[in-house]
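Working notes, structure below.
The values are calculated or read from the model by the stated rules, or taken from the named source; none is laboratory data. If you're wondering where the values come from, they're calculated on a predicted model, not measured in any experiment. Cβ coordinates were reconstructed from backbone atoms using ideal geometry, including for glycine residues, and neighbour counts include every protein chain displayed. Side chains are part of the model used for accessible areas, which takes the heavy atoms of the whole protein and leaves out ligands, DNA and RNA. Shrake-Rupley method; radii C 1.70, N 1.55, O 1.52, S 1.80 Å.
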Amino acid sequence: MFEYLYARHRSEYMRIALQYWTTPNHVWKLAHGHDAKTKKDQEILHELHALGIVHRHRRSRRAEDYDMGD
């Protein structure tokens, strides 16, 4: 339930969660493969990608946004 508590990027998850008014656990789930269902989830994935936490998110509804020319 609170997997993010033991995560290496915990401080980033908490900062992003505060920025987007969501929970750090939700951000952790997105970073670890859960579907991006809303525009806010897609924005969180963009932020995670910019920080280098997520390299590509296959399950996003806009996966082309995360295929950065690998």
**OP:** Please list, ordered by first then second residue, the pairs with beta carbon atoms under 6 Å, 6 or more apart or interchain, first in the range 36-54 and open to solvent by 70 Å² or more (accessible area, probe 1.4 Å), second of a type outside the set (A, V, I, L, M) and assigned to a loop (DSSP other than H, G, I, E, B).
**Re:** Lys40/Tyr20
Subject >> Count - residues of the range 15-35 that are open to solvent by less than 30 Å² (accessible area, probe 1.4 Å), at pLDDT 90 or above and either outside any helix (DSSP H, G or I) or at positive phi (or both) >> reply: 0
Original post:
Out of all the residues in the range 44-54, is one or more at pLDDT 90 or above and acidic (Asp, Glu)?
Top reply: yes
**OP:** Would you mind stating whether Arg10 is touching a helix residue (DSSP H, G or I) at 6+ places or on another chain (Cβ under 9 Å) and at pLDDT below 95?
**Re:** yes
